[in-house]
Amino acid sequence: MSINRSLTAALGAVLLVGVTASPAAAAGPPEVFEDPFAFTGPDLDNGLVVFINTSREAFCTDEQVAREVAIVDWFEGGMVDPFPEWALERPAGFETWTPNLIDSPKGVIANLDEGDQHIELWWLDEPEDSFGVGACLDTDDRLELFATGSAEIKANASDLFEGGLRSAAIDHFRGKADLIGVDGNDYAYSFSWRLVLPCDEPPGRPCEVTNFSLAQR
């Protein structure tokens, strides 16, 4: 059963915020820390799910599937109970990322720039079987790989979940990739997930702005 995508897709894509913004950064020069983060996000335009710095096989552990089920249960329960914070934990990625943290007057800001990252694109399940909140649940029916390759990524994140939903918070994960499809063709792919506050509907919730481009070379 499909649920509302306007917030759920954003949540699935912007979990980077909860990780990169969590360490406290002292005022002064940017602080660099290491994090083996695995990024996943839905590309609803092309009917795909993106795995970066991980593979579906490595990411979709039994524990991760249980986390995604907990998030779906929370949405389907009307988002009344406290959000299951433990569900934001994620399996480690293949490589360690090194975001820069800046302690600004508006909160902690993280900036990330990484190259040569493993990327996989898997076909999204049919709408009635996908939820938009978890890469594993959204691909477990078709289980069909579209392409693999190498990606360059950039990200900017604020402490959106650290300090609560704040007005005008913006979080952006973007990049480009060279892909080889299972059909043997080469593809150029670019992706962008941006989370913006405030949102007109529903009030106080984040709005997702996405942009994707997939072209055969």
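The values are calculated or read from the model by the stated rules, or taken from the named source; none is laboratory data. The model shown is predicted, which means the values in this text are computed figures rather than measured ones. As a convention, Cβ positions derive from the backbone with ideal geometry for all residues, glycine included, and neighbour counts pool all protein chains shown. Remember, those area values only see protein heavy atoms, side chains included, never the ligands or the DNA or RNA. Shrake-Rupley method; radii C 1.70, N 1.55, O 1.52, S 1.80 Å.
Could we say that PHE94 is more than 18 Å from ALA151 (Cα to Cα) and surrounded by fewer than 20 Cβ atoms within 10 Å (Cβ to Cβ) here?
Details: more than 18 Å from ALA151 (Cα to Cα): no; surrounded by fewer than 20 Cβ atoms within 10 Å (Cβ to Cβ): yes.
No.
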GLY132 vs (1) surrounded by 14 or more Cβ atoms within 10 Å (Cβ to Cβ); (2) in contact with a Ser or Thr (Cβ under 8 Å, 6 or more places away or on another chain); (3) at pLDDT 85 or above: all pass except (3)
Which number in (1) of a type outside the set (A, V, I, L, M, F, W, C); (2) open to solvent by 20 Å² or more (accessible area, probe 1.4 Å); (3) touching a helix residue (DSSP H, G or I) at 6+ places or on another chain (Cβ under 9 Å) marks the one condition that GLY149 misses?
(3)
The lone exception for PHE75 - which of (1) within 16 Å of the chain's Cα centre (by Cα); (2) surrounded by 16 or more Cβ atoms within 10 Å (Cβ to Cβ); (3) more than 22 Å from SER192 (Cα to Cα) it fails:
(1)
Check whether at least one residue in segment 99-118 is out of contact with any Gly (no Cβ under 9 Å at 6 or more places or on another chain), open to solvent by 30 Å² or more (accessible area, probe 1.4 Å), farther than 24 Å from ASP171 by Cα and of a type in the set (Val, Ile, Thr), and report yes or no.
no
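Of the residues ARG166, ARG205, ARG217, ARG194, which single one is modelled with pLDDT under 95 and farther than 25 Å from LEU88 by Cα? Reasoning before the result, please.
Numbers: ARG166 fails: farther than 25 Å from LEU88 by Cα; ARG205 fails: farther than 25 Å from LEU88 by Cα; ARG194 fails: farther than 25 Å from LEU88 by Cα.
Step by step, each of ARG166, ARG205, ARG217, ARG194 is checked, and only ARG217 is modelled with pLDDT under 95 and farther than 25 Å from LEU88 by Cα.
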It is to be established whether one or more residues within segment 43-55 are modelled with pLDDT of 50 or more, surrounded by fewer than 21 Cβ atoms within 10 Å (Cβ to Cβ) and of a type in the set (A, V, I, L, M, F, W, C).
yes
